[in-house]
Amino acid sequence: MSIPADIASLISDKYKSAFDNGNLKFIHTETKKTKDPKTSMPYLISHMPSLIEKPERGQTPEGEDPLGKPEEELTVIPELGGANDKSYKLLLNKFPVIPEHTLLVTNEYQHQTDALTPTDLLTAYKLLCALDDEESDKRHMVFYNSGPASGSSLDHKHLQILQMPEKFVTFQDRLCNGKEHFLPTFNTEPLQDAKVSFAHFVLPMPESEEAVDEELLAMCYISILQRALTFFQDWLNENPELKKSYNLMLTKEWICVVPRSKAFSDEMKIGFNSTGYCGMILTKNDEVFSKITEKPELINDILLECGFPNTSGQKPNEYNY
Ligand code: B4P
């Protein structure tokens, strides 16, 4: 797996020219940092006016695959991967809220509901290693929105990479702080913050980059994905419409999977993708923005409505995976 050593500047230069030439539409947001007084979960609420012209799920003309034949002006690296296997391309997101947001896209069409492969995971991890910069406090997160209730809008398999907002500490960071890497066993469950409303499965990553290979990443992913998928067996009677959906988030410090029941709360008029489940909330409606900034504890309830109940403290045989 080879990631060009100058990847950060390749992305910056491409972003600058695409921005200057109007090839991408940077979406300005008003942001507010806040915290849930009950769970202490930190939130960064970004407000993007609903007027923005961005196609939503189902609005891309049928049969069109914007990630399959991307604009040259948005393509940072057309062929990325191992020496003999250039399976991916790296693209700029056409509608970023955070500058230099990129997408790791499979060159051959695969579906966004397909499981991630060990190579997908290692390529994403290597990108994180190349982009994170401790000295300037730059951290990145990779995420994968999979399935119709995950908040995804395009079906061509893609992982996304964005820089974490400065000094933003997610609840997963807090949960993994000072903890050594482990793989779950029958007696040792992945970490789950008991104060947070929704089910989530988190594992700390090894501190040393050299310890992380395809096998370790695959073991982490499969063990937490398996726990997330149990919800779809258990809740199918109650909700026969349920379709397997989850969010995956990976940083150099932790990996997390959140099973999802809904992409959008019709009552609260807000939806989430992976970013929402680490506290980065995007609103598109003025009323919703005021409501949740005034009462951030509402967010925990809406995240639960679009996820499943927290199972912290339960033994695996109590919910049978
Ligand atoms: P998906 O996984 O399918 O969908 P998504 O990230 O949830 O974004 P969505 O499109 O639903 O937009 P949303 O209003 O929620 O990823 C598809 C990706 O491809 C998106 O990043 C999309 O922008 C990009 N894309 C679409 N057409 C493209 C094209 N022709 N060429 C290249 N890229 C293309 O969110 C709007 C934006 O803000 C999205 O980029 C989203 O990822 C990002 N975002 C959402 N919540 C955020 C948060 N809390 N903080 C920072 N960014 C956030």
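Taking (1) surrounded by fewer than 19 Cβ atoms within 10 Å (Cβ to Cβ); (2) in a helix (DSSP H, G or I); (3) of a type in the set (D, E, K, R) in turn, Lys243 satisfies each apart from (2). The number of residues in the stretch 249-259 being part of a loop (DSSP other than H, G, I, E, B) and either within 15 Å of the ligand (Cβ to nearest atom) or in contact with a strand residue (DSSP E or B) (Cβ under 6 Å, 6 or more places away or on another chain) (or both) comes to 1.
Checking the structure you have, find out if any residue of the stretch 286-293 is assigned to a helix (DSSP H, G or I), closer than 26 Å to Glu189 by Cβ and among the hydrophobic types (A, V, I, L, M, F, W, C). No, the stretch 286-293 contains no residue that is assigned to a helix (DSSP H, G or I), closer than 26 Å to Glu189 by Cβ and among the hydrophobic types (A, V, I, L, M, F, W, C). Taking the criterion of being of a type in the set (Val, Ile, Thr) and in a helix (DSSP H, G or I), the residues of the stretch 188-226 that qualify are Ile222, Ile224. If the condition is being closer than 29 Å to Lys167 by Cα and β-branched (Val, Ile, Thr), then the stretch 113-155 contributes Thr123, Val142. Condition check: closer than 17 Å to Thr170 by Cα, within 15 Å of the ligand (Cβ to nearest atom) and in contact (Cβ under 8 Å) with a residue 60 or more places away in the chain. Does Cys306 satisfy that? Judged against the criteria, Cys306 is not a match.
For the stretch 260-287, filtered to residues that are aliphatic (A, V, I, L, M) and open to solvent by 30 Å² or more (accessible area, probe 1.4 Å), the residue that is farthest from the ligand (Cβ to nearest atom) is Met268.
The rows are residues; the columns are (1) open to solvent by 20 Å² or more (accessible area, probe 1.4 Å); (2) within 10 Å of the ligand (Cβ to nearest atom); (3) not small (Gly, Ala, Ser).
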| residue | (1), (2), (3) |
| --- | --- |
| Phe95 | yes, yes, yes |
| Ile98 | yes, yes, yes |
| Leu103 | no, yes, yes |
| Thr113 | yes, no, yes |
| Leu116 | no, no, yes |
| Ala149 | no, no, no |
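Only residues that are open to solvent by 50 Å² or more (accessible area, probe 1.4 Å), within 16 Å of the ligand (Cβ to nearest atom) and touching a residue at least 60 places away in the same chain (Cβ under 8 Å) were counted in the stretch 118-141, giving 1. Can you tell me which residue among Thr275, Thr230 is in a helix (DSSP H, G or I), farther than 23 Å from Glu189 by Cβ and of a type in the set (S, T, N, Q)? Checking each option against the conditions leaves just Thr275.
Looking at the structure I just gave you, is Asp36 exposed (fewer than 14 other Cβ atoms within 10 Å of the Cβ) and either modelled with pLDDT of 90 or more or of a type in the set (A, V, I, L, M, F, W, C) (or both)? The answer is no for Asp36. Here is a check on your reading of the model: is Lys179 farther than 30 Å from Glu30 by Cα, part of a loop (DSSP other than H, G, I, E, B) and among the charged types (D, E, K, R)? So Lys179 passes the test.
Here the condition is being within 14 Å of the ligand (Cβ to nearest atom), touching a residue at least 40 places away in the same chain (Cβ under 8 Å) and either closer than 22 Å to Gly68 by Cβ or part of a strand (DSSP E or B) (or both); of Tyr144, Tyr109, it holds for Tyr144 alone.
The values are calculated or read from the model by the stated rules, or taken from the named source; none is laboratory data. All values derive from a computational prediction rather than experimental measurement. Counting neighbours? That spans all protein chains shown, and the Cβs are built from the backbone with ideal geometry, glycine included. When the accessible area is computed, the model is the full protein with side chains, heavy atoms only, and any ligands, DNA or RNA have been set aside. Shrake-Rupley method; radii C 1.70, N 1.55, O 1.52, S 1.80 Å.
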